[in-house]
Amino acid sequence: MRVAALAWGVAVCGAGVTRLEAQGAVRGQLRVIETANGAPATLSDAVIFLEASGERPRGPTVYMAKASVGMRLREFVPRVQTIGVGGAVAFPNQDPFSHNVFSNSALGAFDLGLYRTGKSRATTFPKAGVYAIYCNIHARMVSYVVAVPTPYVARAQASGVFTIARVPAGAWRLHVWHERAPEHVETIIVPADGLSDIVVALDGRGYVPKPHTNKFGQPYATSRADRY
């Protein structure tokens, strides 16, 4: 599967907002433009976040410091997870057989090794961007961890509707990511009472699912990939 290694500038924003600063919700509608005969995208896998444009009060450097992605029935659950930059994600094995979680991402490669049912291992995500996560035993297992430099983040609903609450008024860079399309970035101005007319159309017509390699950069052996 083709994955663009995205690296966003870490502009820490907003957590130290004073009580006098106006805040409102940012709401919008997302859709993915696709080929007529393709399987529809799961819109709830989209990640939407706001990155500060200009100076804002500096808050803590880690948002969403902990998260979890389970392994059940040879699947990562959830398929997409968000974490603050520098935060840690645990990968508990809830299957009755072993898994080996790894990523070859240029943002920060890791290999958690082989571990059995009931065990959990974790790793931190030091840079902002999208990390593709795989299992070295089961080729079908794919997950994405999206590390964000801001507390202003949301996941879209199944309908594509999204809401980011309590956003301070001002200029922001809106980021919208989905695995099937190039990342969308635009500057928005959030009034004191919020913004509710955002429409984002991601172009997924160029999406072609491709097999990924194992942690050694080699194709999975079809006779072994799912034997456990």
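Tabulated data for the structure shown
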{"item": "Selected residue [basic (Lys, Arg), in a strand (DSSP E or B) and more than 21 Å from residue 32 (Cα to Cα)] from 140, 121", "result": "121"}
{"item": "Meets criteria (farther than 24 Å from residue 26 by Cα and touching a Phe, Trp or Tyr at 6+ places or on another chain (Cβ under 6 Å)) for residue 210", "result": "no"}
{"item": "Those residues of segment 173-192 which are out of contact with any Phe, Trp or Tyr (no Cβ under 9 Å at 6 or more places or on another chain) and among the hydrophobic types (A, V, I, L, M, F, W, C), in sequence order", "result": "192"}
{"item": "The one condition in (1) within 26 Å of residue 195 (Cα to Cα); (2) polar (S, T, N, Q); (3) modelled with pLDDT of 55 or more that residue 18 fails to fulfil", "result": "(3)"}
{"item": "Search result, residues across segment 199-225 that are crowded, with 17+ Cβ neighbours inside 10 Å and in a strand (DSSP E or B)", "result": "200, 202"}
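The values are calculated or read from the model by the stated rules, or taken from the named source; none is laboratory data. Bear in mind that the values here come from a model prediction, so they are computed numbers and not experimental data. Positions of Cβ are backbone-derived with ideal geometry, glycine not excepted, and every protein chain shown enters the neighbour counts.
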